[in-house]
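What follows is one structure encoded as structure tokens, with my remarks underneath.
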Amino acid sequence: MFVQNILYICSVIIIEMKRLIYILVCLTAGCVFFSCSTKPVAKPDYYGFYTEEQLREMRENGRAQAKAYFQELETRHPDSVKVLNLSWAHLDTLPDLSKYNKVEIIDFSGNETPRVDKSLFTSDSLRIVRLDRCGIREIDFPEGNHIKSLNLTNNQLDRIPASIRKCKNLRSLNLEGNHIRHIPRWLLELDSLEDINLNFNQLKLRKSDIRRLAKVQQLLIAGNNIERLPSNIVKLRCESMNLAKNKLHALPKSFAQLKQLKSVIFYENNFENIPELLTDFKNLKHLDFYKNNLTEIPDFVGTMENLEQLYVSYNKIEKIPDTLRHLRRLKHLYIHHNELHFLPEWLAEMDSIERLGVGFNHLLVLPDLSGMKSLIEFDCEKNLLERIPWELIEKPEIEMIVIRNNDFTLTPEEEAKLKKASKTKTIVY
């Protein structure tokens, strides 16, 4: 759903060619979070990179674009307008657009509107709303709206706006980069809500929050400095959970009952081992322990028969356990930036692996991996290899191979051979 929405928005922006260049430039500039200013209207952090004159010019250009856009809209029948795109117009008040009652998508990202009135959302056809990076503190939605996707990222919200409870058809809610501290009771009223993004807020994640998040299928709460999970975590029904960039070092016993999980991300936490509580998680497809303090991959990971993506890079792992050879559906294995001294020979029998990353270890030699039928990307950067893996470079299916920063001594003939191979595939050496 989320990916489809993004593709839809992008296709519309491409159609509006007159505004395309300006939108791309402004979106690039706006990729930083809003500051935590206490001023009535929040200002984006990137404003600090520009002089007052440059900012004035940006505002004037944005408003000029908006004026031209409105003039163009006036030439069209209101019912023919399906998309309203005023992103980065630098407006401090949004105009009355109520006559466009067939609009399906509204994108007003990057304006300067601390308060948004419900008159903006009168279209019965409205399904997708983007209001990220607007400095919003208050927003009101009308009763009976049909909004399915709402993006309020990087605003100035210190709570989830109560009027969102009127969005009975809402499926996707993105509140990343605000100052939200708790989950309101009424969230349980949103029976259609499937995924909620609360990354980089100020959640404490109490038991009450868990109860109110119980219905969502995808839960993103990365970057909230959470130190422990509540014991009632078992009440969650989600199949996907992102707990990255917190301060977790252990899981409550009740976590073991969340066997419906298909994806769980513990990127950049404080785990010293992969908890045994995950032993029977047979439904897992995606397991991420990037940037922790792991010293090993426990044998039970090899029993996660549906695992497709295993990310354990940036740890202190010294070997790949033999049990991983049983992961017959594994597609991505990233174990770079660890303490590996060798790769097991059986790795060549892993027919399902498409992407393998073993760079930044202490490998002296590589086994012949050319028998890996599905392998299309391989990275062994910065090891101690003296021999180039020619069998992989010559493998027809390989699309990208990274071999730089090793101990290779290339002859002129080998350099010529690499250059020739680089014409048909990406080789970084």
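The values are calculated or read from the model by the stated rules, or taken from the named source; none is laboratory data. On a predicted model such as this, the values are computed, not experimentally measured, just so you know. Glycine gets a Cβ as well: all are built from the backbone with ideal geometry, and neighbour counts include every protein chain shown. SASA here: full protein model, heavy atoms, side chains in, ligands and nucleic acids out. Shrake-Rupley method; radii C 1.70, N 1.55, O 1.52, S 1.80 Å.
So which residues in segment 95-122 are open to solvent by 10 Å² or more (accessible area, probe 1.4 Å), closer than 26 Å to Glu189 by Cβ and either in contact with a Phe, Trp or Tyr (Cβ under 9 Å, 6 or more places away or on another chain) or not in a loop (DSSP other than H, G, I, E, B) (or both), if there are any at all?
Glu104, Arg115, Lys118, Ser119, Leu120, Thr122 - these are the residues of segment 95-122 that are open to solvent by 10 Å² or more (accessible area, probe 1.4 Å), closer than 26 Å to Glu189 by Cβ and either in contact with a Phe, Trp or Tyr (Cβ under 9 Å, 6 or more places away or on another chain) or not in a loop (DSSP other than H, G, I, E, B) (or both).
Taking the condition of being touching a residue at least 40 places away in the same chain (Cβ under 8 Å) and open to solvent by 10 Å² or more (accessible area, probe 1.4 Å), how many residues in segment 310-328 meet it?
Of the residues in segment 310-328, 1 are touching a residue at least 40 places away in the same chain (Cβ under 8 Å) and open to solvent by 10 Å² or more (accessible area, probe 1.4 Å).
I'd like to verify a number: residues in segment 194-206 that are surrounded by 20 or more Cβ atoms within 10 Å (Cβ to Cβ) and either among the β-branched types (Val, Ile, Thr) or over 20 Å from Ile265 (Cβ atoms) (or both), how many?
Total meeting the criteria: 1.
Can you find a residue that is at pLDDT 90 or above and of a type outside the set (S, T, N, Q) anywhere in segment 43-60?
No, every residue in segment 43-60 fails to be at pLDDT 90 or above and of a type outside the set (S, T, N, Q).
I'm checking my understanding of the structure. Among residues of segment 372-386 that are open to solvent by 10 Å² or more (accessible area, probe 1.4 Å) and more than 33 Å from the chain's Cα centre (by Cα), which one is farthest from Leu340 (Cα to Cα)?
The residue in question is Glu386.
Looking at segment 131-141 only, could you name the residues that are in contact with a helix residue (DSSP H, G or I) (Cβ under 7 Å, 6 or more places away or on another chain) and either open to solvent by 10 Å² or more (accessible area, probe 1.4 Å) or of a type in the set (A, V, I, L, M) (or both)?
So in segment 131-141, the residues in contact with a helix residue (DSSP H, G or I) (Cβ under 7 Å, 6 or more places away or on another chain) come out as 139-141.
Result: Ile139, Asp140.
Output the qualifying pairs, or none if there are none: Cβ atoms under 7 angstrom, residues six or more apart or on different chains, first residue in segment 402-429 and among the β-branched types (Val, Ile, Thr), second residue assigned to a loop (DSSP other than H, G, I, E, B) and open to solvent by 90 Å² or more (accessible area, probe 1.4 Å).
Partner pairs satisfying both residue conditions: Ile403/Tyr429; Thr426/Glu399; Val428/Arg404.
Listed here are the residues, each with its yes/no results for (1) out of contact with any Cys (no Cβ under 7 Å at 6 or more places or on another chain); (2) assigned to a loop (DSSP other than H, G, I, E, B); (3) charged (D, E, K, R).
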{"residue": "Lys382", "(1), (2), (3)": "yes, yes, yes"}
{"residue": "Glu386", "(1), (2), (3)": "yes, yes, yes"}
{"residue": "Glu397", "(1), (2), (3)": "yes, yes, yes"}
{"residue": "Leu410", "(1), (2), (3)": "yes, yes, no"}
{"residue": "Glu413", "(1), (2), (3)": "yes, no, yes"}
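Please state which of the following conditions Ile180 fails to meet, knowing it meets all the rest: (1) open to solvent by less than 10 Å² (accessible area, probe 1.4 Å); (2) out of contact with any helix residue (DSSP H, G or I) (no Cβ under 8 Å at 6 or more places or on another chain); (3) under 21 Å from Tyr267 (Cα atoms).
Evaluating Ile180 over (1) open to solvent by less than 10 Å² (accessible area, probe 1.4 Å); (2) out of contact with any helix residue (DSSP H, G or I) (no Cβ under 8 Å at 6 or more places or on another chain); (3) under 21 Å from Tyr267 (Cα atoms) leaves (3) as the failure.
From the list Leu287, Leu277, Leu310, Leu261, which residue is touching a Cys at 6+ places or on another chain (Cβ under 8 Å) and either of a type outside the set (S, T, N, Q) or at pLDDT below 95 (or both)?
Criteria check complete, one pass: Leu261.
Name the pairs: first residue in segment 60-88 and under 14 Å from Ile106 (Cα atoms) and open to solvent by 50 Å² or more (accessible area, probe 1.4 Å), second residue assigned to a helix (DSSP H, G or I) and of a type in the set (A, V, I, L, M), Cβ to Cβ under 8 Å, at least 6 apart or on different chains?
Lys82/Val12
Got a number for residues in segment 165-193 being of a type in the set (S, T, N, Q) and in contact (Cβ under 8 Å) with a residue 60 or more places away in the chain?
1
Filter segment 137-173 down to residues that are farther than 19 Å from Leu203 by Cβ and aliphatic (A, V, I, L, M) and give me whichever is farthest from the chain's Cα centre (by Cα).
Ile139
I'd like the full set of residues that are within 15 Å of Ile265 (Cβ to Cβ) and open to solvent by 30 Å² or more (accessible area, probe 1.4 Å), limited to segment 221-239.
Hit for segment 221-239 is Glu239, nothing else.
Of all the residues that make up segment 240-272, how many are part of a strand (DSSP E or B) and either touching a helix residue (DSSP H, G or I) at 6+ places or on another chain (Cβ under 9 Å) or of a type outside the set (A, V, I, L, M, F, W, C) (or both)?
Of the residues in segment 240-272, 4 are part of a strand (DSSP E or B) and either touching a helix residue (DSSP H, G or I) at 6+ places or on another chain (Cβ under 9 Å) or of a type outside the set (A, V, I, L, M, F, W, C) (or both).
Here are the criteria: (1) among the β-branched types (Val, Ile, Thr); (2) buried (at least 19 other Cβ atoms within 10 Å of the Cβ); (3) part of a loop (DSSP other than H, G, I, E, B). Tell me which single one Thr295 does not satisfy.
The one condition Thr295 does not meet is (2).
Identify the residue in segment 352-371 that is under 28 Å from the mean Cα position of the chain (by Cα) and part of a loop (DSSP other than H, G, I, E, B) and, among all such residues, is nearest to Ile317 (Cα to Cα).
Checking each candidate, the answer is Asn361.
Scan segment 329-346 for residues that are assigned to a loop (DSSP other than H, G, I, E, B), free of Cβ contacts under 8 Å to residues at least 24 places away in the same chain and open to solvent by 30 Å² or more (accessible area, probe 1.4 Å) and report the count.
Total satisfying the criteria: 3.
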